[in-house]
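Remarks on the structure that follows.
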Amino acid sequence: MRERGSCEFRGTVLIADDHQVFRMGLAQLLRRHLKVKKFLEAGCYAEAMEHLQNKDLTLAIVDLRMPGLAGPKGIAQMRQRRPEAQIVVLSASDCREDILGALAAGVHGYIVKSQQTDQLIDRLRYILAGEIYVPPILAERPAETGPALEAGRVQPMQSLSHRQRQVLMGLVEGKSNKEIAQALNVAEGTVKMHLAALFRVLGATNRAHAVAMGKQLID
């Protein structure tokens with residue numbers, strides 16, 4: 001995992017977007033600010049899936065509206081194809097349903113394209129440091145609950161699996177993703193996928209928010 005403050009990105013980055021000019025511009029930004037040296041490009045979902053077989057691939061930046069990508073299901077298939085790679089959605093959509101769907105599918109972050117250049121780079125650095133980035137716009141809109149959580153019929157903790165509760169406990173205890181993974185004897189990528197599910201069930205907008213909610217639920 002690349003640490004914050006590292007001067008050079010290791011591995012290959014896949015930029016999957018159907019606009020060639022956008023791919024070129026993003027590649028230049030990553031080359032300049034994150035010192036990325038190797039890139040792969042895809043203009044459609046099928047090409048992206050082929051590139052995910054590249055053993056040197058460590059980061060995939062994907063447009064949610066890319067031709068052939070069937071929403072969260074397609075993202076989940078990308079995660080299955082290359083579970084060790086970090087997958088980030090970079091989309092023009094700030095729709096709550098799109099964001100939550102992508103997070104539930106296991107992405108490591110969802111960035112809205114309207115971000116300024118410095119914000120985009122900061123968010124990517126945050127993700128590369130091992131965190132899951134959730135856009136703050138989720139906190140600005142009313143949370144939508146699934147059928148199981150409506151009318152208080154099921155409490156949030158009851159909606160979590162046993163493993164998700166363990167991950168939440170680790171968060172509350174202040175453990176890092178790596179420490180939680182070691183304690184549960186699972187891969188760090190698995191912890192990140194559980195975190196994405198936790199964020200969706202709890203309606204949390206970031207790690208600190210999830211910790212605060214977790215403390216309330218556990219107490």
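Every number here is computed from the coordinates shown, using simple stated rules; none is lab data. For clarity, every value in this text was computed on a predicted model and none was experimentally measured. Glycine also receives a Cβ, built like all others from the backbone with ideal geometry; neighbour counts cover every protein chain displayed.
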Descending packing, highest mean Cβ count within 10 Å first, for 162-174, 114-126 is 162-174, 114-126
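Which length gain, in nm to one decimal place, applies between Ile137 and Ala27 when the Cα-Cα distance is subtracted from 0.36 nm times their residue separation? Write out the running numbers ahead of the final one.
Numbers: separation 110, 0.36 × 110 = 39.60 nm, distance 2.59 nm.
In short, 37.0 nm is gained.
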Inter-probe distance in nm under a simple model that places probes 7 Å from Cα toward Cβ, at Lys215 and His19:
4.2 nm
Segment Ala92-Gln119, extension gain: residue separation times 0.36 nm, minus the distance between their alpha carbons:
8.2 nm
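Placing unit charges on C-beta atoms (Lys and Arg positive, Asp and Glu negative, everything else neutral), compute the dipole magnitude of the chain about its Cα centre in debye, rounded to 20.
On the way: 29 positive and 23 negative charges, 92 e Å.
The calculation lands at about 440 debye.
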How far apart, in nm, are two points set 7 Å out from the Cα along the Cα-to-Cβ line at Arg81 and at Ala46?
1.2 nm
Label the range 1-137 by shape, choosing from rounded, prolate and oblate, from the square roots a ≥ b ≥ c of the eigenvalues of the Cα gyration tensor; if a/c is under 1.5 it is rounded, and otherwise prolate applies when a/b is larger than b/c, oblate when it is not.
rounded
Gaussian network model of the chain, Cα within-10 Å springs - most flexible of Ala76, Ala196, Ala183:
Ala183
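Please give the calculated 222 nm ellipticity per residue for the chain, where each DSSP H segment of at least 4 residues contributes -39500 (n - 2.57) and the sum is spread over every residue; nearest 500 deg cm²/dmol?
Working: 9 runs with 99 residues, N = 219.
Computed mean residue ellipticity for the chain: -13500 deg cm²/dmol.
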Along the charge dipole of the chain, which of Ile99, Ile132, Ala187 sits closest to the positive end, that is, farthest toward it, with unit charges on the beta carbon of Lys, Arg, Asp and Glu (+1, +1, -1, -1)?
Ala187
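Pairs of lysine in the chain with Cα under 16 Å and at least 8 positions apart or on different chains: total? Mind showing how you got there, number by number?
Numbers: Lys37/Lys55; Lys38/Lys55; Lys175/Lys192; Lys175/Lys215; Lys178/Lys192.
The result is 5.
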